[in-house]
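Here the structure is laid out as structure tokens; the discussion comes afterwards.
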Ligand SMILES: Nc1ncnc2c1ncn2[C@@H]1O[C@H](COP(=O)(O)OP(=O)(O)OP(=O)(O)O)[C@@H](O)[C@H]1O
Ligand SMILES: [Mg+2]
């Protein structure tokens, strides 16, 4: 199986430091003064040349945030964050704002090149193949996937600003708007105003409210009625600046009968201090529309002893606003020191459908508390949750989920499957499912298993010729197979590699 | 030179002594049967040969083709041609048998500096071998041993052996759990692989198996050592008299 082999080769090349995106880019940046107050917010808003209503919205959020408390219900532990000791805005210094890629700081281009993210359109991901069909189909030699060239449009967010967005013109031809949210505020303020904060209200939770006050950039997508977005859209987030929080805001609107698939990826330099990342993502699917949102989260997880790493406190929610709409979340979570994240679906439209597919891997001293909420409001709404948690090292991995069927959600159905896999005996896996059914016709099914990669299993594989790393990779890939298959094919291979790299050093 | 040479092997687990000065030589091309009471150390011997952790080897040596086997990791031993058909094969959910076989074969080939097999070539080999063992293609698509019956698991072990073409195959009670027809199919599978270049250590409780796989030599293992060695008629004698005469105290 070539993917496993590649994985192992890659694992070998990385010796001590497993995290290969930990380098730092040395560039000058433009920062807001340290700390948080009305002036910081005015500074950010002015930098972006925002309309007055946006500034007012932010200031209102900030006032409300000051009355809120940091949540403590998640199974994560971290020292108190001093919110006055952070920078809330950092942007690469530039003259007048790059008009084309040639004006972008070459250091930044180099950073994205090192990360494997193509910013020049002609360098986009070429011919990435799905992992060869492993099921031994009768069709002899049926191994090559779709070798056709596939293009992916990228929005690259570096610290607090978007530095480049590719394929904009081509997307515009299809009527698809794909741009930094700061730009959308200039060009399509009415769309932003209509939808911003309608899925995650300003006061939703501590971190979302903070984000509402200080968010700096993120992606904006609007797909007009009946349009099937002609390519994958993706945003690539990079935190570079020291002591800087990243607060991105993403807003995706799929108008009636449209379809879009979107992927976000993230990395950060390896540093001793912890860094805060508090994002908000809002998805809106109108009648018959479909949004597929995938995440490959690979923020710096901290070192072997648990020093450093990203605190990832993220609010992601999708609103199936129209009948027969569909939103599906797929996430591969391998990074961050702390993950606090529950991508959710509000199933408002009748016959709408929400899906959550998750692979959450924790190793070293990582703490993951993640899951989903499926809120069934409309009739005959369907949700499906498949969660695979893998805990290794000294990590703690919790699945936390809520499925609720409202009084009016006649015929609501949910299926949940939560599996946990433990590697070694110093880690923990926990499953916390909440179920609320307020009408008798709702059918909610829940399955959960916890298993362990046993020495016996590894020995069995090794007896057949696999090294220990190959054996772990094989067993884990088998465990996550159902979810991996839901990722867009461009990323499935990358995801498979990442899984193995994350588990490097988890045995022995 | 013998293929396998075990000298004065002492092995303990958790401080408990299990192999106690075991000597055993397996010649190239030889089929050696090992019989012995429950708990006498047969599986322990098989695991130690394959390189399982948790066993403390306090004394003795094991040479494979004249080389020290004990210093190698399990996967290195596999690549050198040591194969163990497990008494209790493990299940690996989500990993299709077909993929497992390909991963294993290619891992071994790579360690030996050989090319990976092309997919059509590989598929042909597997389907041929499976057909001979009466293994349905549908089973090859299922997770390794997941939901397999006891007999199917054993057949799957023999399929892996056929595909990996080891120099030394240790079969740990591969006959237990097989119905009469399956016993015949599996034995035929083993017999087809017999060659002057390949040796077998066949661990069994039943003389019946040795009617199908006729051994060159039969060893009796009791209390952690080989206490008697003879021809295939020794198996018949054991069947008649049992192990009582070998049950003296461990030295
Ligand atoms: N991990 C262990 N801890 C303690 N004792 C062990 C361990 N593994 C094996 N033993 C003991 O070692 C002895 C030999 O076990 P082994 O499995 O080798 O026997 P066997 O000859 O294969 O028996 P059977 O015919 O029942 O398969 C048994 O008494 C067993 O309980
Ligand atoms: Mg045994």
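Are any residues in segment B:100-110 within 7 Å of chain A (Cβ to nearest Cβ) and over 16 Å from residue A:473 (Cα atoms), and if so, which ones?
B:108 - this is the single residue of segment B:100-110 that is within 7 Å of chain A (Cβ to nearest Cβ) and over 16 Å from residue A:473 (Cα atoms).
Out of (1) within 14 Å of another protein chain (Cβ to nearest Cβ); (2) buried (at least 18 other Cβ atoms within 10 Å of the Cβ); (3) in contact with a helix residue (DSSP H, G or I) (Cβ under 9 Å, 6 or more places away or on another chain), the odd one out for residue B:48 is which?
For residue B:48, the failing item is (3).
In the set B:149, B:187, which member is more than 12 Å from every other protein chain (Cβ to nearest Cβ), crowded, with 20+ Cβ neighbours inside 10 Å, more than 19 Å from residue B:47 (Cβ to Cβ) and within 22 Å of the chain's Cα centre (by Cα)?
Residue meeting the stated conditions: B:187.
Tell me which residues, restricted to segment B:29-43, are within 8 Å of ligand 1 (Cβ to nearest atom) and surrounded by 21 or more Cβ atoms within 10 Å (Cβ to Cβ).
If the condition is that a residue be within 8 Å of ligand 1 (Cβ to nearest atom) and surrounded by 21 or more Cβ atoms within 10 Å (Cβ to Cβ), then B:36, B:40, B:41, B:42 are the ones that fit.
Residues being away from chain A (no Cβ under 12 Å) and more than 15 Å from residue B:189 (Cβ to Cβ): count how many of those fall in segment B:115-135.
Qualifying residue count, segment B:115-135: 1.
Given the conditions (1) surrounded by fewer than 23 Cβ atoms within 10 Å (Cβ to Cβ); (2) touching a residue at least 12 places away in the same chain (Cβ under 8 Å), and given that residue A:251 satisfies all but one, which numbered condition is not satisfied?
(1)
Can you name the residue in segment A:286-324 that is under 22 Å from residue A:476 (Cβ atoms) and not in a loop (DSSP other than H, G, I, E, B) and is also farthest from the chain's Cα centre (by Cα) among such residues?
Taking the candidates together, the pick is A:309.
Among (1) touching a residue at least 40 places away in the same chain (Cβ under 8 Å); (2) within 25 Å of residue A:244 (Cβ to Cβ); (3) crowded, with 24+ Cβ neighbours inside 10 Å, where does residue A:296 come up short?
(3) is the only condition that residue A:296 fails.
Looking at segment B:84-99, which of its residues are in contact with a strand residue (DSSP E or B) (Cβ under 9 Å, 6 or more places away or on another chain), at the interface with chain A (Cβ under 7 Å from one of its Cβ atoms) and without any contact (Cβ under 8 Å) to a residue 60 or more places away in the chain?
B:90, B:92, B:93, B:94, B:95, B:96, B:99
Within segment A:446-469, does at least one residue satisfy the condition of being away from chain B (no Cβ under 14 Å) and surrounded by fewer than 18 Cβ atoms within 10 Å (Cβ to Cβ)?
yes
Does any residue of segment B:209-217 turn out to be out of contact with any strand residue (DSSP E or B) (no Cβ under 8 Å at 6 or more places or on another chain) and within 16 Å of ligand 2 (Cβ to nearest atom)?
no
Kindly evaluate residue A:251 against the criterion of being closer than 29 Å to residue A:88 by Cβ, at pLDDT below 90 and either out of contact with any helix residue (DSSP H, G or I) (no Cβ under 9 Å at 6 or more places or on another chain) or not in a loop (DSSP other than H, G, I, E, B) (or both).
No: the conditions fail for residue A:251.
Can you confirm whether residue B:76 is more than 14 Å from chain A (Cβ to nearest Cβ), under 25 Å from residue A:465 (Cα atoms) and out of contact with any strand residue (DSSP E or B) (no Cβ under 8 Å at 6 or more places or on another chain)?
Considered against the rule, which asks whether it is more than 14 Å from chain A (Cβ to nearest Cβ), under 25 Å from residue A:465 (Cα atoms) and out of contact with any strand residue (DSSP E or B) (no Cβ under 8 Å at 6 or more places or on another chain), residue B:76 comes out as no.
Residue B:76 is checked against (1) within 16 Å of ligand 1 (Cβ to nearest atom); (2) surrounded by fewer than 22 Cβ atoms within 10 Å (Cβ to Cβ); (3) without any contact (Cβ under 8 Å) to a residue 40 or more places away in the chain and fails just one. What number does that condition carry?
It fails just one condition, (1).
Six or more apart or on different chains, Cβ under 9 Å: which pairs go from a residue in segment B:167-185 that's within 20 Å of residue B:136 (Cα to Cα) to one that's part of a strand (DSSP E or B) and within 12 Å of ligand 1 (Cβ to nearest atom)? Could you list them?
B:174/B:203
Please list, ordered by first then second residue, the pairs with beta carbon atoms under 7 Å, 6 or more apart or interchain, first in segment B:34-61 and farther than 28 Å from residue B:206 by Cβ, second part of a helix (DSSP H, G or I) and more than 13 Å from ligand 2 (Cβ to nearest atom).
As it stands, the answer is B:53/A:455, since those pairs meet every condition given.
Just name the residue that is nearest to residue A:460 (Cα to Cα) out of those in segment B:141-177 that are within 16 Å of ligand 2 (Cβ to nearest atom) and part of a helix (DSSP H, G or I).
Residue satisfying both the conditions and the ranking: B:157.
The values are calculated or read from the model by the stated rules, or taken from the named source; none is laboratory data. Quick caveat, the model's predicted, so the values are computed rather than measured. Here the Cβ is made from the backbone with ideal geometry for all residues, glycine too, and neighbour counts use every protein chain on show.
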